[in-house]
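First the structure, in the form of structure tokens, and then the observations on it.
Please treat every number below as a calculation from the coordinates, not as lab data. Note that the structure is a prediction, hence the values are computed from the model and not measured. For neighbour counting, all protein chains shown are included, and Cβ atoms are generated from backbone atoms with ideal geometry for every residue, glycine included.
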Ligand SMILES: [Zn+2]
């Protein structure tokens, strides 16, 4: 009985964790948003203790920040942390791409082709939320295709943190991934050319990072007259 209660609790905490992660990854909850427990309880029809456990887990993964007396906030990664996340993504996604065999590509052919068509549909539409979801789904799908659960789990965390980073530091409002690079990676993998797939993936991640403005810390002395001129 105790074990059963424990499992139900774990499943509930996971459900809340997943819902909040997804909302953050899809930019529905932006960095710095206050995560009011009572509202989460109501929105997700969840129990308060479970919500607290899920928030603590998100905090351990640096997706949420818990501040004494202020409660939980969606994290606001610093520029330095953003750079570190990209270094980690290059290492993890290289390992993921290197693990994907042509056999795995054949086995998951259905999923890959339905993803490609969903991603095209999303990028043809103007729905930013769909675009963000599908572009990030591509990277998560490769994690699954690698068959390495540990790499997939690390990537899932890095992808949510990347979403926060894009929300904070993207120079302009264009979607961050390019679909043709995604398709090039898939076609190299289908042909068993992992070397090319790795090369394109690294170029792709470099390109994503170059779209961010991680140059400087915020400048409290900024001259507002200058910053607001020509607008
Ligand atoms: Zn991408």
task: For every helix of n ≥ 4 consecutive DSSP H residues, a contribution of -39,500 (n - 2.57) applies; sum these over the chain, divide by its total residues, and give [θ] at 222 nm rounded to the nearest 500 deg cm²/dmol.
output: -22500 deg cm²/dmol
- prompt: Over segment 2-74, what per residue volume does the convex hull of the Cα atoms give, in whole Å³?
  reply: 88
query: How high is the FRET efficiency from residue 101 to residue 127, r the C-beta distance, R0 35 Å, rounded to 0.05?
result: 0.55
message: Please compute the modelled spin-label separation between residue 14 and residue 222, points set 7 Å along Cα→Cβ, answer in nm with one decimal.
response: 4.3
statement: Taking only Cα atoms of segment 39-129, the Rg to Rh ratio with Kirkwood Rh works out at 1.10
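With 27 Å as the cut-off, how large is the P(r) tail for the chain, expressed as percent of Cα-Cα pairs?
Everything past 27 Å amounts to 42 percent.
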Percentage relative contact order, segment 79-210, counting C-alpha pairs under 8 Å, at least six apart: 38
message: Please compute the modelled spin-label separation between residue 190 and residue 33, points set 7 Å along Cα→Cβ, answer in nm with one decimal.
response: 3.6
Choice from 20, 151, 212 showing the highest fluctuation, given a GNM over the chain with Cα pairs closer than 10 Å: 151
field: Overall form of segment 79-210 per C-alpha gyration tensor (a/c, 1.5; a/b vs b/c)
entry: oblate
message: Expected output is a single nm value to one decimal: the length gained when fully extending between residue 149 and residue 23, i.e. 0.36 nm times separation in residues minus the C-alpha distance. What is it?
response: 43.1 nm
